[in-house]
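Q: Got a structure for you, questions after.
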Amino acid sequence: MAANEVAPNVERNVRPREETRAFEKYLKPAVNIIEVEDSLVLTADLPGAGKETLDINVEKGILTINAGVSTEAPGRPVYTEFELAPYYRQFQVPESLNNEKARAEYADGVLTLRLAKPEAAKPRKIQVTGG
Amino acid sequence: MANWDLFRELDNMRREIDETFRNYGLGRSMAAGFLSPARNRFPLMNVREDSSNIYVDALVPGVDPNGIDVSVLRNAVTISGERKSPLDEKGQVVHRSELGFGKFSRTIELPGEIDTEKITAQSINGLLRVTLAKAEHAKPKKIEVKLS
């Protein structure tokens, strides 16, 4: 199982993506990562993100989730608890994952990403025949 | 700092204090770590206003819009619902668990009186926006000054 461990990169809540180049702030979405028999399922909360702005890619073992949000809101603020900003987070994933079979769904602000495990990593049941 | 408003700051401080004591003694430890371990309030809310409406925005990712209950009593709005936890699959291994699931209910005080007949709510991409029309007598009135 250790080979399929998914490790996140640097952790901080809102951070400039590249200190010197971009002044824009990014939010790090909260995620659940669950490994099931044939795949790795990543669930991320991206409230306020538009489906068409989602950008998910896997390159050289790095999974990147990028999503834009519309920050326009009517009126003037009275009381503020959250701020909307584009979402950005990266994870290291095993390069052996079958990216051809990756599937993503987005509903009610939640992204569900299924990354298929390579055939070799799937548990195989061997039937024992008595003689 | 340009539009720093002492009264608004005081009001926000009072809200924070109310919020702190509201959960005191009853399941505080359960409430903490509901949406994520770092947050003890769910859902997070923003309140905005213009001359005719008050807008309450709430972050409700993963909550079915049909299952969200919005109710208004005088000048307080209550948002409640449930985020259903996913079914456990056989032989699953959890690598990272930052999301919270379960029922929630939260009441927030509005900055003025509203017309309870004119309230709309819509949830798009996990962002709920409740639009409440201000009561006629609470709206600012423009008075023409005539030169005599």
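Every number here is computed from the coordinates shown, using simple stated rules; none is lab data. Because the structure is predicted, anything quoted here is derived from the model rather than measured. Every residue, glycine among them, receives a Cβ derived from its backbone with ideal geometry; neighbour counts consider all protein chains shown.
Q: Given a Förster distance of 51 angstrom, what is the FRET efficiency for B:Thr116 paired with A:Glu119, based on the Cβ-Cβ distance and rounded to 0.05?
A: Values: r = 60 Å, r/R0 = 1.18.
With a Förster radius of 51 Å, E is 0.25.
Q: I would also like to ask the following. Which of the lysines could a cross-linker span from B:Lys134 if the Cα-Cα distance has to be under 30 Å and same-chain partners fewer than 8 positions apart are dropped?
A: The qualifying lysines are B:Lys103, B:Lys118, B:Lys142, B:Lys146.
Q: Using a 7 Å offset from the Cα along the Cα-to-Cβ direction at both A:Ala73 and A:Val128, what is the distance between the two label points in nm, to one decimal?
A: Distance between label points: 6.2 nm.
Q: Hey, which lysines would be in cross-link range of A:Lys117, C-alpha to C-alpha under 19 Å, not counting anything within fewer than 8 residues on its own chain?
A: A:Lys60, A:Lys101, A:Lys125, B:Lys90
Q: Net charge around A:Ala73, counting only other residues with Cβ within less than 12 Å of its Cβ (Lys, Arg = +1; Asp, Glu = -1)?
A: -2
Q: What is the order of B:Thr107, A:Thr129, fewest Cβ neighbours within 10 Å to most?
A: Details: B:Thr107 13, A:Thr129 5.
Exposure proxy ranking, most exposed first: A:Thr129, B:Thr107.
Q: Separate question: B:Lys139: which aspartates and glutamates have alpha carbons under 15 Å from its alpha carbon, excluding same-chain residues fewer than 8 sequence positions away?
A: Filter leaves B:Glu49, B:Asp50, B:Glu113, B:Asp115.
Q: At 0.36 nm per residue, and after removing the present C-alpha to C-alpha distance, how many nm does the segment from B:Asn66 to B:Asp5 gain when stretched out fully?
A: Details: separation 61, 0.36 × 61 = 21.96 nm, distance 3.81 nm.
Gain in length upon complete extension: 18.2 nm.
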